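The values are calculated or read from the model by the stated rules, or taken from the named source; none is laboratory data. Not measured: the values here are computed from a predicted model. Positions of Cβ are generated from backbone atoms using ideal geometry, with glycine treated the same way; all protein chains shown enter the neighbour counts.
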Amino acid sequence: MSIGIKRTQRDYTLAFKLSVVEQVEHGELTYKEAQKRYGIQGRSTVLIWLRKHGHLDWYNLSSSDLMSTEMTKPPSLPQTPEQRIKALEAELKDANLKAQLFEAMLEIIKTEYGVKLPKKPLSASLPKKKLFE
């Protein structure tokens, strides 16, 4: 393909899209450079292709990440026990915060809307069947 040719939307084949996505993900081009090189007119077209066909998490990257040419991350090494403990403690903290949020929401539902909620789930209140009699 020659550089600088404007293209129409119907020109974009799946093979072309995958080729552009691969070049951006391997750090050969930024998405803006790919837009200019291949004459892609839409500002978010390449980003949409990256989200749809890419292998990286393009939904949670910041704009500075998108502009950098170093998009590939080195493969992560196995975590040490200390790192794993730290990660699990962070997950536990998040889970506790969510539990507190849900408790607060239930309290609001009870007080504001007068809805009575059972203290135990229905499955816990049912008698247990004996498997071996």
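See the values below:
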| quantity | calculated |
| --- | --- |
| Residue that is nearest to the chain's Cα centre (by Cα) [pool: residues in the range 69-86 that are hydrophobic (A, V, I, L, M, F, W, C) and modelled with pLDDT under 90] | 71 |
| Looking only at the range 19-47, and only at residues there that are free of Cβ contacts under 8 Å to residues at least 40 places away in the same chain and touching a Gly at 6+ places or on another chain (Cβ under 7 Å), the one that is surrounded by the fewest Cβ atoms within 10 Å (Cβ to Cβ) | 39 |
| Candidates 66, 50, filtered to the one that is touching a helix residue (DSSP H, G or I) at 6+ places or on another chain (Cβ under 9 Å), surrounded by 10 or more Cβ atoms within 10 Å (Cβ to Cβ) and modelled with pLDDT under 75 | 66 |
